[in-house]
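The values are calculated or read from the model by the stated rules, or taken from the named source; none is laboratory data. None of these values were measured; they are calculated from a predicted model. Cβ placement follows ideal geometry from the backbone for every residue including glycine, while neighbour counts extend to all protein chains displayed. What goes into the accessible areas is simple: the full protein's heavy atoms, side chains included, and nothing from ligands, DNA or RNA. Shrake-Rupley method; radii C 1.70, N 1.55, O 1.52, S 1.80 Å.
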Amino acid sequence: MAINQTILKEFILIGFSAYPHVQTFLFGVFFCLYILTLAGNLTILGLTWVDRSLHTPMYLFLSALSFSETCYTLTIIPKMLVDLLDSDRRISVTGCGLQMCFFLGLGGTNCIILTLMGYDRFLAICNPLRYPLLMTNSACGHLVASAWAGGFLISLIETALIFRVSFCIPNLIRHFFCHMRAVVRLSCIDSDLTEFTVTLMSVSGLLGTFLLISLTYVFILCSVLKIPSAEGKQKAFSTCSSHLTVVIIHFGFASIVYLKPEASGGDDTLIAVPYTVITPFLSPIIFSLRNKDMKNAFRKIMRKAVVLKK
């Protein structure tokens, strides 16, 4: 069977072109969610920077997650919004590789930071006396840097494996961004091994970080159950509730994308929306609305703003 091996310089993102009658509506919905996502993450970053009471490891990890998620959405959503209104959905091969690299790198970074946040709660609850010595702001900074290094190391390997070969016509990516599975299938050679390898790497990273978080919460639960007073138990659980909620949403939606069997069918474009759009939107809302320190810091800033206006 002949294959057209013309060396490609660009791809075409099919995206939501299969739903032409609702593209304007989708643009409005995704644009509003994107603006709210940016506002939520920037609010968290601003409050953490301004309020000295939030200069603790827990909120430094939270601000690192907000920054990472802001960058994560920037790699995909602006291009997606443009494509919803524009018939020209081309993206260069280089641009596609960069988008994939940053998407995978930042996604991996988010998973590792969520794991570090679980580890932070584990130390605070299970080793409260040693916590100030073990989890200093300096140690927190080193851990966040390691999260970025780990996320992008895996991303660079996966992207290099996919883009080390030439791609053939048709150059149609059946997605709204350069998703690794959709791109690797355009390879001029048999891509089954490459697809299996990069999928295995992503799934291993996803399940590995989730299992580590689950393990920390097993230890946390054991420690909390030993607390004699109901008030003490409630206070301990309250410091974990926001993180646990985000973890369930994040890994739940991600597992649908990466663990979905190929034979199950379904539109990959629609399946990816919760993981790429909904999860980053919900994360800052959950961390802000369910966190007393964040709400108190926001009230203090608003009161100062009112006083300055007077």
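A few comments on the model shown:
- Cysteines having no other Cys beta carbon under 4.7 Å from their own, within the chain: C32, C71, C101, C111, C126, C140, C222, C240
- Cα-based helix-to-principal-axis angle, 137-163 vs the chain, degrees rounded to 10: 10
- Surface composition of the chain: carbon plus sulfur atoms contribute 70% of the solvent-accessible area (1.4 Å probe, protein chains only, all chains present).
- Tensor-based shape of the stretch 1-80 (alpha-carbon gyration tensor, a/c under 1.5 rounded, otherwise prolate or oblate): oblate
- Taking the Cα centre of the chain as reference, the dipole from Cβ charges on Lys and Arg (+1) and Asp and Glu (-1) amounts to some 1540 debye.
- Largest to smallest principal axis extent of the C-alpha atoms in the stretch 72-124, angstrom: 52, 22, 9
- The length gained by stretching the chain between D293 and I189 to full extension, at 0.36 nm per residue less their Cα-Cα distance, is 32.0 nm.
- Estimated 222 nm signal from helices in the chain, with DSSP H stretches of n ≥ 4 weighted -39500 (n - 2.57), rounded to 500: -24500 deg cm²/dmol
- Here the stretch 30-177 is treated with +1 on each Lys and Arg Cβ and -1 on each Asp and Glu Cβ, and its dipole about the Cα centre works out to around 180 debye.
- Computed on the Cα trace of the stretch 206-259, the radius of gyration divided by the Kirkwood hydrodynamic radius gives Rg/Rh = 1.08.
- Gyration tensor verdict on the stretch 195-310 (Cα atoms; rounded if a/c is under 1.5, prolate if a/b is larger than b/c, oblate otherwise): oblate
- Computed from the Kirkwood radius of its Cα pairs, the Stokes-Einstein diffusion coefficient for the stretch 103-191 at 20 °C and 1.002 mPa s stands at 138 µm²/s.
- Pairs from K9/K79; K235/K260; K260/K292 whose Cα-Cα separation, in the structure shown, is over 30 Å: K235/K260; K260/K292
- Degrees, to the nearest 10: 57-74 long Cα axis against longest axis of the chain: 20
- Compared with the direct C-alpha span, the chain from Y258 to V307 gains 12.6 nm at full extension, assuming 0.36 nm per residue.
- Based on Cα contacts under 8 Å between residues 6+ apart, the stretch 158-199 shows a relative contact order of 44 percent.
- Angle of helix 93-126 to the longest C-alpha principal axis of the chain, folded into 0 to 90 degrees and rounded to 10: 20°.
- Reciprocal mean inverse distance between Cα atoms of the chain - Kirkwood radius, Å: 21.1
- Each residue of the stretch 147-257 gets 113 Å³ once the volume of the Cα convex hull is shared out per residue.
- Å² per residue, accessible surface of the chain at 1.4 Å: 52
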